[in-house]
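Have a look at the structure below before the remarks.
The values are calculated or read from the model by the stated rules, or taken from the named source; none is laboratory data. Computed from a predicted structure; not experimentally measured. Heads up, the Cβs are rebuilt from the backbone with ideal geometry, glycines too, and the neighbour counts pull from every protein chain shown.
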Amino acid sequence: MTAYIIRRLLLTAPVVVLLSVIIFVVLYVMPGDVALAVLGQFASPAELAAMREKLGLDRPAVVQYLSWAGKIFKGDFGTSFFYGEGVPVLQTILQRLPVSLQLGASAIVLGIALGLPLGIIAALRRNSLIDLGVTSFAVSGLAMPSFWMAILLILLFAVRLDWLPPSGFVPFAEDPIGNLRHLALPAFVLGVDIAAVVARLVRSEMLEVLGQDYVRTARSKGLREHVVVLRHVLRNALIPVVTLLGLLAGRLVSGSVIIETIFALPGVGQLTVSSLFNRDLPLVQATLFLITMGVVFGNLLVDLAYGYLDPRIRHA
Amino acid sequence: MIRWYRHLSATGLIVTILATACGGGAAAPTATATKAVAAVAPTATAVVIPRGGTLTLGMIAVAPPLDPDLSRGSNVWEVTNNVYDLLLHLGEDRQVKPHLLESWDLVDGKDYVFHLRKGVKFHDGTNFNAVAVKAKFDRMIKMGALSRARGYLSEPTGAAVVDEYTLKVTLSTPSAALISFLTTMPGFVYSPAALAAQGGEAMEKPVGAGPFRFVELVLDSHITLERSPDYWEKDAAGQQLPYLDRVRYVMINDPTVRLANLRTGDADASLYMRAPEFPRIAADPNLRLVRAALEDPTVELRIWRGHAPYDNRFNIKALAFAIDREAIAQGLYQGAYLPAKGYITPGQWAYDPDFKGYYLDLALSRGFLTEAGNPTGFKSKIEIGAGDLPGLRVAEAIQSQVAKVGIVLDIETVEAAALTKRTQDGSATLVVSRNVGFGPDPAYLMKQPFHTKGGFNVHLGGAGKPYTTPGYDELIDKAGEPRTTAERTQLYREAQRLIFDWGTNRVPIVYGGESLAHRVGVVGGFSFAPGGLLLLHRVWVDRR
């Protein structure tokens, strides 16, 4: 297992470097003038040039990249152009992170809690009305744009029924119940997306495992059905679902950008959008880098868990 | 067995359920809401206005700094307006009223002497006096183009303290408009001691002399202000202003969600209501719409004349006479906005009610195309900032309208920062622009885009080349000097006729204005100052 972990870590290193290059290049070639965004439309060419020099944007691209990369590997992501002189962008991001983490975690928990039983039931009741209902739910969850579903849910649960607040955020430490009420709708919108994917995968994996010889053998031994399902079918069907969770990290990030904006949640997703509009380069670079690192290391953890769960993987 | 239900569209099913549940548009008034209206709504006989309470006001996200010279966007001013306070106010009659500046004298036909209000304190306890106002002018002059206020106040070259409450401001050229501009953002005053304490670069935590003092800004979440106990102004009944204890601006970027917050009561009022929402608000008995005067050229076409086809002024006139502004005002804005005629807006004293500007006349348009040498029309493009959906709708409407005379416009959506860069380097062509801004005096909007030395005209004739309309600069320079209002009115109207006859580089499409919706009975006292700034010192809240 140790060799497997070391091998996976070594493979992750070039991915991290490559991603840092991609992030830098994408933002470097992005149209627009950072100095103009900082100074505004009345700035003269001389003032713009002075600002570019101050921000280090007049240096060759390679020098800019090496300088940026060198600093980020030391944990220095620079300071924001907009959110206060001398305020490290890492501090700004870390202030927002709890909101996004709570939203993401709630969505995953909700997604699994909803998707897993639905997938199991659909597989066990194949071709029934229940199966059709679950499949329809999964297709709808995947097909429906999250912003649209969000607006509909706000109109239903906040405006029409007055059960939940339409938007905003209250920290858990300040008001636990208020916190959960504010997160319910956004977490549900993100969670439905995850539940749809999980339900579809669990259903198909379950159906595949149900047809295996060892399941037939288990049944022929006279084991009760729930024992067969839980011990022999579900356990094996869940291995690909674990992999899926790693892949869902990326989906969660893109979803949270939209959901945080609609529900006015002060998280990293909304910060990314506003910093992009502001051309706040250090902040955009830092958020993108940290988000991609989150996805990379999330997938690494999943790979390690996968290796732990399935000996064939770590010995391959 | 035929599994017919397999063919059911699951999406359709869920949509139907949700749509049914959400149907009905405006929510029926609840018992609670109705009771609140009956219990609280102040009548004409009510004298005592309720004091205290917190107002929750929805608005779009505000980006720091909340600095009068460095802030980006008018939404910041909506907040800072209630913190810094203004040197002067503009009354409903569009006349300048004393505020922190009690009176002023014009000296030698050029410079101004300001007489300041005594006994006013900034929120940090320091005195509002001539030293503080001098510091404001000095900083703005030193910052030059970096100061947002400098675009409006280009003439001051220095300020000198005469005594504690008297200040002399020296101008480079005589300016009749300077006083008017002190009624809006350039007239914000702040504590120089607080700025120094914050490092001297930017006012991250605003400290002014306004009715509310700043408490906190949580990015993309909210801003909290609280009543300043030292505020000097009283209402007509002698009650201390402001009435509110606290104001909480909640930042909600999505307009539908902003309105939803209002309907649920999570917000007491919301700024930036859109024209398509007006009928829905009007139909909801719990809500009331408050609109500023329709005085901004809210939507306009900006034209860069350094390259074909707009280097030929007749092509501009052909384009302008092919646009049906009435159809845009009615079709896209449900009649909530007015079709624009001139560049001097109905809210300004120089407004010319008889001026027709450009109007729909296809024969005239074709005539100008012939005069330009392309009688069958021309091909060009119209540029829109990415995500600007209202702007895109205007572009699409114009595209289809001008096609009737053979003008083919391709719509190009450009990322916002990239579009700004194009407008700055002169490579833009034709841009739909919204939220043009308000000038309490025509001097700003009539000078900046059209005068050879105007701040918006730097690249309109090509990269680094302003566009000059023959005879225009002289008229505007004269109109900007201290003269009688009648004389200035005459000069501005003449200047307006000149640029429209010649072919202008800004074609106004509709006049609009700020809007706000609030819950009836729970809050009241809202009104917009001319220019769309929302003053909250007379707003009350009553939750009994």
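Taking the conditions (1) more than 14 Å from every other protein chain (Cβ to nearest Cβ); (2) of a type in the set (A, V, I, L, M, F, W, C); (3) more than 30 Å from residue B:403 (Cα to Cα); (4) in a helix (DSSP H, G or I) in turn, residue B:319 satisfies each one other than (3).
Selection of segment A:120-170 for residues being of a type outside the set (A, V, I, L, M) and surrounded by fewer than 14 Cβ atoms within 10 Å (Cβ to Cβ) yields A:126, A:127, A:128, A:145, A:148, A:163.
When A:24, A:77 are checked against the criterion of being buried (at least 17 other Cβ atoms within 10 Å of the Cβ) and in a loop (DSSP other than H, G, I, E, B), A:77 stands alone in meeting it. What about residue A:77, is it within 27 Å of residue A:91 (Cα to Cα) and either within 14 Å of another protein chain (Cβ to nearest Cβ) or free of Cβ contacts under 8 Å to residues at least 12 places away in the same chain (or both)? No. When we screen B:113, B:83 for residues that are at pLDDT 95 or above, over 24 Å from residue B:193 (Cβ atoms) and among the hydrophobic types (A, V, I, L, M, F, W, C), the only hit is B:113.
Listed here are the residues, each with its yes/no results for (1) touching an Asp or Glu at 6+ places or on another chain (Cβ under 8 Å); (2) at pLDDT 95 or above; (3) in a helix (DSSP H, G or I).
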site: B:470; (1), (2), (3): no, yes, no
site: B:477; (1), (2), (3): no, no, yes
site: B:481; (1), (2), (3): no, no, no
site: B:498; (1), (2), (3): no, yes, yes
site: B:507; (1), (2), (3): yes, no, no
site: B:510; (1), (2), (3): no, no, no
site: B:518; (1), (2), (3): yes, yes, no
site: B:526; (1), (2), (3): no, no, no
site: B:530; (1), (2), (3): yes, no, no
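The condition (being under 17 Å from residue B:67 (Cα atoms) and in contact with a helix residue (DSSP H, G or I) (Cβ under 8 Å, 6 or more places away or on another chain)) is satisfied by just one residue among B:190, B:165: B:190. Among the conditions (1) within 13 Å of chain B (Cβ to nearest Cβ); (2) surrounded by fewer than 15 Cβ atoms within 10 Å (Cβ to Cβ), the only one that residue A:10 does not satisfy is (1).
Summed over segment B:147-177, residues that are modelled with pLDDT of 95 or more and part of a loop (DSSP other than H, G, I, E, B) total 2. Does segment A:246-267 include one or more residues that are of a type in the set (Ser, Thr, Tyr), closer than 30 Å to residue A:22 by Cα, in a helix (DSSP H, G or I) and more than 14 Å from every other protein chain (Cβ to nearest Cβ)? Yes, there is a match, as at least one residue in segment A:246-267 is of a type in the set (Ser, Thr, Tyr), closer than 30 Å to residue A:22 by Cα, in a helix (DSSP H, G or I) and more than 14 Å from every other protein chain (Cβ to nearest Cβ). Counting residues in segment B:440-458 that are away from chain A (no Cβ under 14 Å) and in contact with a Pro (Cβ under 7 Å, 6 or more places away or on another chain) gives one or more. Here the strands (runs of 3 or more DSSP E) wholly within segment B:216-312 that include at least 1 residues being buried (at least 21 other Cβ atoms within 10 Å of the Cβ) and more than 14 Å from every other protein chain (Cβ to nearest Cβ) are B:222-227, B:246-251, B:269-271, B:296-303. Scanning segment A:100-144 for residues that are away from every other protein chain (no Cβ under 11 Å) and polar (S, T, N, Q) turns up A:100, A:102, A:106. Of the listed requirements (1) acidic (Asp, Glu); (2) at pLDDT below 90; (3) in contact with a strand residue (DSSP E or B) (Cβ under 6 Å, 6 or more places away or on another chain), residue B:108 misses just one: (3). Please indicate, with yes or no, whether at least one residue in segment A:8-19 is in contact (Cβ under 8 Å) with a residue 24 or more places away in the chain and of a type in the set (Lys, Arg). There is at least one residue in segment A:8-19 that is in contact (Cβ under 8 Å) with a residue 24 or more places away in the chain and of a type in the set (Lys, Arg). Restricting attention to segment A:33-71, the residues that are assigned to a helix (DSSP H, G or I) and among the aromatic types (Phe, Trp, Tyr) add up to 2. Per the listing A:97, A:55, A:48, the residue uniquely closer than 30 Å to residue B:458 by Cβ, among the hydrophobic types (A, V, I, L, M, F, W, C), surrounded by 14 or more Cβ atoms within 10 Å (Cβ to Cβ) and within 14 Å of chain B (Cβ to nearest Cβ) is A:48.
Total residues in segment B:181-215 satisfying the condition of being within 14 Å of chain A (Cβ to nearest Cβ), assigned to a loop (DSSP other than H, G, I, E, B) and in contact with a strand residue (DSSP E or B) (Cβ under 9 Å, 6 or more places away or on another chain): the figure is 3. The set of residues in segment B:309-366 being hydrophobic (A, V, I, L, M, F, W, C) and more than 30 Å from residue B:529 (Cα to Cα) consists of B:314, B:316, B:318, B:319, B:320, B:321, B:322, B:323, B:360, B:362, B:363, B:364.
Within segment B:421-458, the set of residues being part of a helix (DSSP H, G or I), among the hydrophobic types (A, V, I, L, M, F, W, C) and touching a helix residue (DSSP H, G or I) at 6+ places or on another chain (Cβ under 8 Å) comprises B:443, B:446. Of all residues in segment A:181-197, none are surrounded by fewer than 18 Cβ atoms within 10 Å (Cβ to Cβ) and of a type in the set (Val, Ile, Thr). Going through A:229, A:242 one at a time, which residue ends up being buried (at least 19 other Cβ atoms within 10 Å of the Cβ) and more than 14 Å from chain B (Cβ to nearest Cβ)? None of the others qualify; the one that does is A:229. Of the residues making up segment A:270-313, those that are β-branched (Val, Ile, Thr) and either within 14 Å of chain B (Cβ to nearest Cβ) or touching a Gly at 6+ places or on another chain (Cβ under 7 Å) (or both) are A:272, A:273, A:284, A:287, A:295, A:302, A:313.
Exactly one residue among A:115, A:119, A:168, A:141 is modelled with pLDDT of 90 or more and within 19 Å of residue A:260 (Cα to Cα), and that residue is A:168. The conditions of being surrounded by 19 or more Cβ atoms within 10 Å (Cβ to Cβ), at pLDDT 85 or above and within 17 Å of the chain's Cα centre (by Cα) are met by residue A:284.
The single residue among B:418, B:403 that is within 14 Å of chain A (Cβ to nearest Cβ), farther than 24 Å from residue B:272 by Cα and part of a helix (DSSP H, G or I) turns out to be B:418. Residues in segment A:260-286 that are under 13 Å from residue A:79 (Cα atoms) and among the aliphatic types (A, V, I, L, M): A:281, A:283, A:284, A:286.
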